[in-house]
Structure formats: C-alpha cells, structure tokens
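Below is one structure, written out as structure tokens; comments come after it.
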Amino acid sequence: GPAGPGWARLVTYLDGTPLVNVGERSPQLLEGIGRALARLDLALRGFEHPGAHRDLIWDLERTEGFAAALEHVEGGPRRALVARHLDQLRDRVLPRLAPLERSVIHNDANDHNLLIASDAGGRPTLAGLIDFGDILHTVTVAELAVACAYLMLDRDEPVSDAARVVAGYHAVRPLSPAEQALLFDLVVARLCASVLIAAGRLQTEPDNEYLQISVQPVWRLLERLSALDRERAGQRLEEA
C-alpha cells in the first residue's frame, strides 16, 4: 500500500449470529453456553505457551491496579461505588486467588463473540466462539466470571441468567468451593475493570462516543448488582 507493507489476518469463517443480535435467551441456551465454555477450559487444561503468560489489561487479577483511573470516573457516587469494590477486591478476593486452578482461557466470551444458530427444532443454540485475542493464563474460573458479566447486561433477571450459565458450566467442569465463593466478586471485578478502562481511554480519545455508549450497560449492571445483598447474590450462584 501507499504507506508500505502491512499485515492482514486470514481466518476461517464460522456461521452464526452474534448473541447480541439474538432476542431470545432460553435457559437451555444459557446452560449450553456454560457447558461449552467448560468443555473449552477442560480441553485447554495443561496447555502451555509462553505467549499466554503476558501483561494483559483485561486480566482479572490486575483489576485492583486500575485505582489510578478512578479520578477519570465522572460523578462522585459512581467513583465511590467503584472505589468500594476495589477495596473489597484487594482485601477479600485477591488474597484468596493463589490456590485456585490456573490455565489458559479464552477470557472474552461476551455477546459479540458467542455465535448462535438454530438447531433442528428451530431453537437457538451455541454455534461457535470467536476472537481469541484476549487469551491468557490466569485463574480458570475467570472464564465463567467474564462470560457471566457480559451475559447479565440489560437483562430483566441478571442473577438468574448468570445462574443458568453457572449451572451449565458446573455440570461439565465442577467448580471448587473456593471458586464458587469468589465467583460473584469476580463478576463485579470484570465490570469494574470495564468502566475503569473506558474512563482511562476516554482521556486519550475524548471524541470517541462509542466508549461512552458501550460502557453504559456495564454501569447500569454494576449499579444494580451493588444494590443487591452481596451474600445472597453470591449464594444464588453457589446454589446453581
């Protein structure tokens, strides 16, 4: 090209509609997503590659380090809300991650990367998973926490939807008691990371309206979950 040589990426094509464009999310579909992610994590168990051990901004274990971005969060109540969660993450979550199972995970099962098709009976089913750009070696349960965080966005019953995903995952790769106890906190950690990363990027890209629009569903969910009884919400996922 005029600017010199460049890179192009050639990938195979997976047919399906991104979940974000699918209206119906049946319990069977949500459980199927959970089972598929668990199968992926089992398939990757023991897989090693030096490229997976990297400093990635979307690593749940480094969420607490985003505290410097708090000053960029607009609105005192929202800033205080995230600060409170970061304190909890530092004091009661991060110290308990060390003994958890670790492996290479996809790390980004959001509703744009989950492809949906129809089965023989016309019911929506998971057809594929795309975009391994955030693949990372970290705590394995982060796979489920990240998926739940995105699958809860703008849902009428977000915790119930997450519980379906958890039930499907647990049926294939049983969660340890320690993973169960930390799952809800890790979901909240992912939401905090999302709003803090967006706030930081907005400082360098002030004209990027997409950053503000895309983060609003995350803020709505984070505020909604913060109003819940944390112990009861966490217990709901453990029961699943």
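The values are calculated or read from the model by the stated rules, or taken from the named source; none is laboratory data. Values in this document were obtained by computation on a predicted structure and should not be read as measured data. Here Cβ is always computed from backbone atoms with ideal geometry, including for glycine, and neighbour counts include all displayed protein chains. In case anyone asks, the SASA skips ligands and DNA or RNA and just uses the protein heavy atoms, side chains included. Shrake-Rupley method; radii C 1.70, N 1.55, O 1.52, S 1.80 Å.
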* To do: Send over a whole-number figure in Å² for the accessible area per residue of the chain, probe 1.4 Å.
  => 51 Å²
* **List Thr17, Thr12, ordered by accessible area with a 1.4 Å probe, largest first** => Thr12, Thr17
* Asked: Just one of (i) 59, 51, 38; (ii) 50, 45, 31; (iii) 51, 38, 32 is Cα extents along the principal axes in Å as worked out from the coordinates here. Which one is it?
  -> (i)
* Length gain on complete extension for the stretch Glu74 to Ile213, per 0.36 nm per residue less the alpha carbon to alpha carbon distance? -> 48.6 nm
* Structure fact -> Rounded to the nearest Å, the spacing of the alpha-carbon centers of the stretch 69-142 and the stretch 185-240 is 10 Å
* Just the number, please: carbon plus sulfur as a percent of the accessible area of the stretch 156-240, 1.4 Å probe, no ligands or DNA/RNA counted. => 49 percent
* To do: Along each of the three principal axes of the Cα atoms of the stretch 139-230, give the extent in whole Å, ordering the values from largest to smallest.
  => 45, 28, 21
* Asked: If you average the sequence gap of Cα pairs under 8 Å that are 6 or more apart and divide by the length of the chain, what percent do you get for the contact order?
  -> 28 percent
* To do: Averaging sequence separations of C-alpha pairs under 8 Å and six or more residues apart, then dividing by the length of the stretch 124-240, give the relative contact order as a whole percent.
  => 34 percent
* Segments 40-51, 83-94, 19-30, 173-184 sorted - mean Cβ within 10 Å per residue, highest first -> 173-184, 83-94, 19-30, 40-51
* Tell me, what % of the accessible area of the stretch 61-128 is carbon and sulfur with a 1.4 angstrom probe? -> 50 percent
